[in-house]
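The structure appears right after this line, and notes come after that.
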Amino acid sequence: MKMHGLGNDFVVIDQRDGDAVVNAALAKALGDRHRGVGFDQLAVLTTPVDADIALTFYNSDGSTAGACGNATRCIAQFEMTRRGTDALTLKTERGTLQAVQAREGLVSVNMGDPMLDWADVPLASEMDTLQLPITGDPTATGMGNPHCTFFVDDAEDIDLETLGAHYEIHPLFPQRTNVQFASLIGPNHLRMRVWERGVGVTLASGSSSCATAVAAARKGLTERKVAIDLDGGRIDIDWRDDGVWMTGPTAHVFSGHLTPAFLASI
């Protein structure tokens with residue numbers, strides 16, 4: 001299946017009734033927008049024993065991703081519709097997440113508590129995650145994957161490709177990092193642009209939105225409930241006592257089959 005959340009696009013392989021072998025080579029081949037299908041992330045859907053469904057994520061470069069908020073939300077919508085239910089549990093590397101139907105056809109997912117300790121993000125050494133020793137004083141947050149958030153005067157005026165690529169591989173982040181640039185455009189309202197590790201510039205990122213909202217609240221820029229305008233549209237984040245809830249739209253574009261010839265070429 002091909003899906004997207006605010007233009008952050010995915011291929012979803014449903015392994016529950018098949019024997020497809022998904023690995024880094026397949027993920028990279030599928031992620032090629034000219035010779036494959038093209039995506040920001042690949043999600044593999046399986047059946048666990050202790051949740052409704054399980055998800056494993058890959059980036060378009062073949063590397064794994066511990067969390068992918070927009071894909072989680074899209075797949076939750078698909079599966080809730082298929083089951084005729086309004087709630088679902090999803091097992092990911094991040095943990096077991098809860099999804100529910102929200103207002104006006106939107107879907108909410110609890111992405112879990114943010115990881116605020118340096119070792120959990122993770123960072124290369126002990127330090128204050130609120131203000132990293134990097135020009136611009138960014139904040140580090142773990143959401144099952146690492147994030148580095150810069151607050152700037154105008155997110156539109158950032159060379160995202162150059163700076164995102166630079167900070168993704170900063171030595172403070174041993175697992176590389178997602179990079180966000182955000183600016184405050186109103187009370188509890190942020191404009192954010194994102195560079196995803198293993199992918200590049202994306203139109204949206206659910207986990208990056210969660211990390212940015214957490215960082216903004218920690219810095220006193222906003223309250224814990226915010227709206228974020230991404231390149232692909234708006235997402236709402238609410239950092240509650242039980243975790244960071246993300247609410248936004250979903251889209252299922254098409255379903256199809258990979259040909260034997262394509263699989264044999266990998």
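Annotations
- Spacing of the two label points (7 Å from each Cα toward its C-beta) at ILE266 and GLU156, in nm: 4.1
- Considering only VAL244, VAL22, VAL226, the Gaussian network model of the chain with Cα springs below 10 Å gives its largest mean-square fluctuation to VAL22.
- Listed residues THR141, VAL21, LEU42: farthest to the positive end of the dipole of region 1-155 (Cβ charges): VAL21
- Sites ARG234 and ASP17, calculated FRET efficiency, Cβ-Cβ separation with R0 25 Å, nearest 0.05: 0.10
- Rounded to the nearest 20 debye, the dipole magnitude of region 141-256 is 340 debye, with +1 charges on Lys and Arg beta carbons, -1 on Asp and Glu beta carbons, and the Cα centre as origin.
- Helix-only [θ]222 nm of the chain, DSSP H runs n ≥ 4, -39500 (n - 2.57) each, per residue, nearest 500: -5500 deg cm²/dmol
- Virtual paramagnetic centre 7 Å along Cα→Cβ of GLN175, amide N under 19 Å, in region 202-218: 205-215
- Computed magnitude of the charge dipole of region 73-160 (debye, nearest 20; Cβ of K, R +1, Cβ of D, E -1): 880
- SER208, SER265, SER60, reordered so the largest accessible area comes first (probe 1.4 Å): SER265, SER60, SER208
- Judged by the ratio a/c of the largest to the smallest principal axis of the C-alpha gyration tensor, region 30-133 counts as oblate, that ratio being 1.5 or greater while a/b is no larger than b/c.
- Table column - 3J(HN,Hα) (Hz), region 212-226, Karplus curve with 6.51, -1.76, 1.60, x for Gly and Pro: 5, 5, 4, 4, 5, 5, 5, 7, x, 7, 9, 7, 8, 10, 9
- Rounded to the nearest 20 debye, the dipole size of the chain about its Cα centre is 540 debye, using +1 on the Cβ of Lys and Arg and -1 on the Cβ of Asp and Glu.
- Förster-model FRET efficiency, 25 Å R0, LEU163 and HIS252, C-beta, rounded to 0.05: 0.15
- For the chain, the longest site-free run once trypsin sites (Lys or Arg not before Pro) in DSSP loop states with at most 11 other Cβ atoms within 10 Å are removed: 36-266
- Listed by chain and number, the lysines whose C-alpha is less than 28 Å from the C-alpha of LYS225, apart from same-chain residues fewer than 8 away, are LYS91.
- Overall form of region 12-79 per C-alpha gyration tensor (a/c, 1.5; a/b vs b/c): prolate
- Under the simplified labelling scheme, the LYS225-ALA24 pair shows an inter-label distance of 4.3 nm, with each label point 7 Å from Cα along Cα→Cβ.
- Per residue solvent-accessible surface (Å²) - the chain, probe of 1.4 Å: 43
- In order along region 142-156, the Karplus-derived 3J(HN,Hα) couplings, from 6.51 cos²θ - 1.76 cosθ + 1.60 at θ = phi - 60°, round to x, 10, x, 8, x, 9, 10, 10, 9, 9, 10, 5, 8, 5, 6 Hz, and Gly and Pro are given as x.
- Region 1-157, accessible surface, carbon-and-sulfur percent (1.4 angstrom probe): 45
The values are calculated or read from the model by the stated rules, or taken from the named source; none is laboratory data. The model shown is predicted, which means the values in this text are computed figures rather than measured ones. When we count neighbours, we look across all protein chains shown, and the Cβ atoms used for this are built from the backbone with ideal geometry, even at glycine. The protein model used for the area step is the full one, side chains on, heavy atoms only, and it has no ligands, DNA or RNA in it. Shrake-Rupley method; radii C 1.70, N 1.55, O 1.52, S 1.80 Å.
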